[in-house]
Amino acid sequence: MTVKSTREAAIRALIEMAEQDERIVIVSPDSLLASRAVPFLERFPHRFIEVGIAEQNAVLVAAGLATTGMKPVVISYAGFLTMRACEQIRTFVAYPGLDVKFIGLNGGMLGGEREGVTHQFYEDVGILRSMPGVSVITPADAGQAYKAAKAMLLRTGPCYLRLGSGREPEVFPDDTPFEFGKIRIVKHYGDNVAIFASGFIMNRAVTALDQLKQEGINGLLADVSTVKPIDEKSVVEILQRTNCAVAVEDHNIYGGMSSAICEVSALYHPCRIIRLGLNDIYPRSGHADDLLDAYGLSVQSIVDGAKKAMNSQTAV
Amino acid sequence: MTTNELKKMADRLRLDVVETIHYVKDGHPGPCMSIAEIITVLYFSEMNIRPEEPRWPLRDRIILSKGHACPIQYAAMARRGYFDMDELKKLRTLEGILQGHPDMNKTPGIDSVSGSLGNGVGIGLGIALGCRMQGIDNYVYVIVGDGEQQEGVVWEAAMAAAKHKAGNLIVLADCNNNQSGGKVTELSSLYPAYEKWNSFQWHVQIIDGHDVEAIKNAIANARAVKDRPSYIECRTVKGKNIPYMENNNAWHKRVPTAEEVEIARKSLGGAI
């Protein structure tokens with residue numbers, strides 16, 4: 001499978017948007033190289049603000065810039081942004097509703113892979129989802145990251161875009177649409193079971209859906225590319241059809257996309273939903289695919305999860 | 001305003017604070033008193049602002065990083081005409097526009113959320129850079145406490161501001177050597193602060209923070225420095241000009257009784 005960089009894709013989108021909107025600036029806590037932003041710096045040298053390895057100050061500087069009418073984008077590793085600068089995002093951007101965008105790199109185990117736990121981040125979505133007023137987008141591949149970055153910059157208000165290591169499997173054809181706040185049905189073989197998936201494990205979810213079909217289980221795959229606000233209407237419509245689901249994401253099982261799906265289900269259409277993600281533990285360094293397999297995100301885990309969801313007799 | 005009028009206004013604002021906190025039964029009086037002259041000089045002499053047009057894009061900006069001292073900022077803003085004096089009586093209530101700590105959306109004239117300590121310098125730097133990028137010729141004033149400089153993010157911002165040559169950023173430090181839990185010099189000493197800011201390549205001055213002429217002169221000096229941000233260390237007294245509050249940290253957060261309001265009124269020269 002081809003891999004493509006979500007980081008390069010997002011920067012390409014930023015450059016194109018910055019050509020049209022002179023308010024767009026990047027605030028960098030030494031993320032120039034990690035974010036692949038050199039082309040942006042070369043094109044807009046005065047719109048790239050370097051503050052050094054200082055994420056909290058980066059967010060504050062962005063907040064200050066936004067109060068003057070600028071449209072800053074802070075790029076850093078997902079955890080350094082959402083954990084180290086958590087309070088600055090919450091109090092100085094989200095609370096006043098300032099137009100600051102955040103791009104988090106190394107989202108998930110897959111994002112940090114061989115770097116180990118210090119550079120793998122599976123809490124970011126949950127942290128930001130709990131903050132009033134912050135939107136959260138989790139694209140599945142480079143093509144979607146490009147479109148999502150553009151959509152984010154066309155909107156007003158705090159928004160977080162989760163990117164990976166720069167080696168994400170290409171899943172969707174180039175002409176695949178992205179609509180902020182909408183769940184998209186990727187494949188629909190039948191209504192036996194639904195797979196909700198988000199982020200860079202989408203390729204595994206596609207394979208799992210096909211494997212289930214070979215075993216006579218016809219399900220559907222839903223791409224949850226916007227985790228907040230969650231597309232409640234689509235979640236309910238899908239669950240009404242299938243009455244069971246498996247939700248898959250490269251995030252801790254608490255607080256992320258699967259939690260959002262369960263919250264909607266509990267309110268509007270209670271049914272069995274199996275959540276697959278990091279099972280509330282810290283993983284370790286490893287090759288990306290090996291890591292995902294070892295920590296419950298293999299294709300077989302998704303297949304098994306779907307079958308478990310369909311079996312109403314499963315005990316605790 | 002003349003120097004004498006500024007001095008009187010500072011005491012008038014002090015009395016506003018005592019009366020307000022007594023009335024609403026909540027707030028931090030001591031930390032307000034040490035910045036009375038700084039706030040007065042900024043609002044009534046030095047800042048280029050339009051209270052009738054609070055979001056005038058070319059205005060000078062002010063961030064009260066030690067946001068718990070906002071009652072005195074609110075009093076100054078009310079007296080400058082941003083809102084009615086009656087709003088002070090609704091401080092910290094659901095009916096009012098004045099939050100327990102400054103809120104840029106609920107209160108006209110507030111330029112940033114503040115009050116979570118240590119964050120004002122970074123916000124001020126962002127505003128300073130944003131204004132400069134848009135060709136706005138103005139100044140950003142940030143009032144910080146001395147205790148809050150124990151927060152590491154202050155120094156992240158200090159480092160970056162010097163790198164960006166933010167000459168339009170002026171930090172006024174309320175150095176009263178008191179913080180919530182005791183003396184700054186005992187808890188984790190900032191001092192000597194002068195040397196720290198100097199080594200971060202800021203333009204540094206030390207003044208008597210209760211001398212309005214000294215504050216005006218220091219601001220003029222700071223404005224004249226175009227290639228460096230400025231730090232003005234204002235030596236102050238927590239609870240200044242109210243005898244039972246002066247250097248008494250019990251007044252960091254405390255509500256004055258009716259009798260204590262009267263004592264304050266007398267010591268501040270009556271209703272002025």
- Query: Quick one: is A:Met109 away from chain B (no Cβ under 14 Å), crowded, with 21+ Cβ neighbours inside 10 Å, at pLDDT below 95 and not in a strand (DSSP E or B)?
  - Reply: yes
- State whether the residues of the range A:254-272 include one that is under 21 Å from A:Thr82 (Cβ atoms), touching a Lys or Arg at 6+ places or on another chain (Cβ under 7 Å), assigned to a loop (DSSP other than H, G, I, E, B) and not assigned by TED's automatic domain parsing to the domain that holds A:Met131. yes
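The rows are residues; the columns are (1) surrounded by fewer than 24 Cβ atoms within 10 Å (Cβ to Cβ); (2) under 22 Å from A:Pro96 (Cα atoms).
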| residue | (1), (2) |
| --- | --- |
| B:Gln99 | yes, yes |
| B:Ser116 | yes, yes |
| B:Leu125 | no, yes |
| B:Asn138 | yes, no |
| B:Gly152 | yes, no |
- Query: Can you pull out the residues in the range B:105-143 that are more than 9 Å from chain A (Cβ to nearest Cβ) and not basic (Lys, Arg)?
  - Reply: B:Thr107, B:Pro108, B:Gly109, B:Ile110, B:Leu117, B:Gly135, B:Asp137, B:Asn138, B:Tyr139, B:Tyr141, B:Val142, B:Ile143
- Task: Quick one: which residue in B:Ala214, B:Ala220 is assigned to a helix (DSSP H, G or I), under 20 Å from the mean Cα position of the chain (by Cα) and within 21 Å of B:Ala128 (Cβ to Cβ)?
- Result: B:Ala220
- By residue number, the members of the range B:196-211 that are surrounded by 18 or more Cβ atoms within 10 Å (Cβ to Cβ) and part of a loop (DSSP other than H, G, I, E, B) are B:Phe200, B:Trp202, B:Gly209, B:His210
- Task: Starting from residues that are in contact with a helix residue (DSSP H, G or I) (Cβ under 6 Å, 6 or more places away or on another chain) and under 18 Å from B:Ala162 (Cα atoms), keep the ones in the range A:27-51 and report whichever is surrounded by the fewest Cβ atoms within 10 Å (Cβ to Cβ).
- Result: A:Phe48
- Would you check if B:Leu58 is in a helix (DSSP H, G or I), touching a residue at least 24 places away in the same chain (Cβ under 8 Å) and more than 16 Å from B:Leu42 (Cβ to Cβ)? no
- Message: Against the definition (in contact (Cβ under 8 Å) with a residue 12 or more places away in the chain, of a type outside the set (Lys, Arg) and more than 9 Å from every other protein chain (Cβ to nearest Cβ)), how does A:Ala58 come out, yes or no?
- Response: no
- Task: Considering each of A:Gly64, A:Gly52 in turn, give the residue that is part of a loop (DSSP other than H, G, I, E, B) and within 12 Å of another protein chain (Cβ to nearest Cβ).
- Result: A:Gly52
- Do we find a residue being in a strand (DSSP E or B) and more than 14 Å from every other protein chain (Cβ to nearest Cβ) anywhere in the range B:160-167? no
- Would you say B:Asp146 is more than 10 Å from chain A (Cβ to nearest Cβ), closer than 24 Å to B:Glu156 by Cβ and acidic (Asp, Glu)? yes
- Scanning the range B:223-246 residue by residue, the ones that are in contact (Cβ under 8 Å) with a residue 60 or more places away in the chain and in contact with a strand residue (DSSP E or B) (Cβ under 7 Å, 6 or more places away or on another chain) total 10
- Within the range A:81-97, is even one residue part of a strand (DSSP E or B) and more than 9 Å from chain B (Cβ to nearest Cβ)? no
- With B:Ile49, B:Ile63 as the choices, which residue is touching a Ser or Thr at 6+ places or on another chain (Cβ under 6 Å), closer than 18 Å to B:Ile127 by Cα and not in a helix (DSSP H, G or I)? B:Ile63
- Message: Going residue by residue through the range B:181-195, is there one that turns out to be more than 12 Å from chain A (Cβ to nearest Cβ), hydroxyl-bearing (Ser, Thr, Tyr), surrounded by fewer than 18 Cβ atoms within 10 Å (Cβ to Cβ) and not in a loop (DSSP other than H, G, I, E, B)?
- Response: yes
- Would you check if A:Val100 is within 11 Å of chain B (Cβ to nearest Cβ) and surrounded by 24 or more Cβ atoms within 10 Å (Cβ to Cβ)? yes
- Item | Subset of the range A:3-30 (residues that are within 14 Å of chain B (Cβ to nearest Cβ) and of a type outside the set (Lys, Arg)) | A:Ala18, A:Asp21, A:Glu22, A:Ile24, A:Val25, A:Ile26, A:Val27, A:Ser28, A:Pro29, A:Asp30
- Task: Restrict the check to the range A:33-43 and report whether at least one residue is closer than 22 Å to B:Gly115 by Cβ, assigned to a helix (DSSP H, G or I), among the hydrophobic types (A, V, I, L, M, F, W, C) and free of Cβ contacts under 8 Å to residues at least 60 places away in the same chain.
- Result: no
- Message: Against the condition at the interface with another protein chain (Cβ under 7 Å from one of its Cβ atoms) and over 14 Å from A:Val93 (Cα atoms), how does B:Leu94 come out, does it pass?
- Response: no
- Among the candidates A:Ser258, A:Ser198, single out the residue that is surrounded by 18 or more Cβ atoms within 10 Å (Cβ to Cβ), of a type in the set (Ser, Thr, Tyr) and more than 17 Å from A:Asp304 (Cβ to Cβ). A:Ser198
- Item | Where A:Met310 falls short, out of the listed (1) hydrophobic (A, V, I, L, M, F, W, C); (2) in contact (Cβ under 8 Å) with a residue 24 or more places away in the chain; (3) surrounded by fewer than 18 Cβ atoms within 10 Å (Cβ to Cβ) | (3)
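The values are calculated or read from the model by the stated rules, or taken from the named source; none is laboratory data. For clarity, every value in this text was computed on a predicted model and none was experimentally measured. Neighbour counts are summed over all protein chains in view; Cβ atoms, including those assigned to glycine, are modelled from backbone coordinates with ideal geometry.
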